[in-house]
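The values are calculated or read from the model by the stated rules, or taken from the named source; none is laboratory data. Here the structure is a predicted model, which is why all the values come from computation and not from measurement. Reconstructed Cβ throughout: ideal geometry from the backbone, glycine too, with neighbour counts over all protein chains shown.
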């Protein structure tokens with residue numbers, strides 16, 4: 001048995017020095033305990049090692065458990081209507097299109113039953129363009 005192990009220094013488990021020594025030899029709990037007993041003696045060292053290793057950010061990141069995806073409950077009553085039986089229509093103001101350098105309008109159809117959205121491009125704000133976008 002080495003001379004250092006025979007006359008090891010006794011450290012209190014609450015001291016900051018004890019935590020720093022444990023962080024320096026940082027690895028698995030049994031390895032840290034065996035390295036620690038070569039030079040030092042800490043009462044209830046196993047619990048102190050577990051506390052220090054549980055605070056280690058690197059270990060928590062490497063050995064942490066991934067969280068589970070939480071899914072929301074499905075709505076209790078699904079609508080009996082087909083999509084787009086009741087809908088809303090809105091025209092967008094004209095905006096420039098880079099492809100072809102034209103100004104076009106857009107029509108947005110929103111379903112009031114299932115909240116679906118459908119976009120169509122219209123050439124202008126006149127009725128013929130709207131009917132073409134509708135069909």
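Contact list please: Cβ distance under 7 Å, first residue in the range 61-78 and assigned by TED's automatic domain parsing to the domain that holds residue 114, second residue loosely packed, with under 10 Cβ neighbours inside 10 Å and outside any helix (DSSP H, G or I), pairs at least six apart or on different chains.
Short answer, once both residue conditions are applied: none.
Taking the criterion of being assigned to a loop (DSSP other than H, G, I, E, B), farther than 30 Å from residue 54 by Cα and over 36 Å from the mean Cα position of the chain (by Cα), would at least one residue in the range 110-120 satisfy it?
no
Examine the range 49-58 for a residue that is within 27 Å of the chain's Cα centre (by Cα), surrounded by fewer than 10 Cβ atoms within 10 Å (Cβ to Cβ) and not assigned by TED's automatic domain parsing to the domain that holds residue 19, and state whether such a residue exists.
Checking the range 49-58: not a single residue is within 27 Å of the chain's Cα centre (by Cα), surrounded by fewer than 10 Cβ atoms within 10 Å (Cβ to Cβ) and not assigned by TED's automatic domain parsing to the domain that holds residue 19.
Can you tell which of 33, 38, 11 is in contact with a strand residue (DSSP E or B) (Cβ under 9 Å, 6 or more places away or on another chain) and either surrounded by 10 or more Cβ atoms within 10 Å (Cβ to Cβ) or touching a residue at least 60 places away in the same chain (Cβ under 8 Å) (or both)?
Answer to the check: 11.
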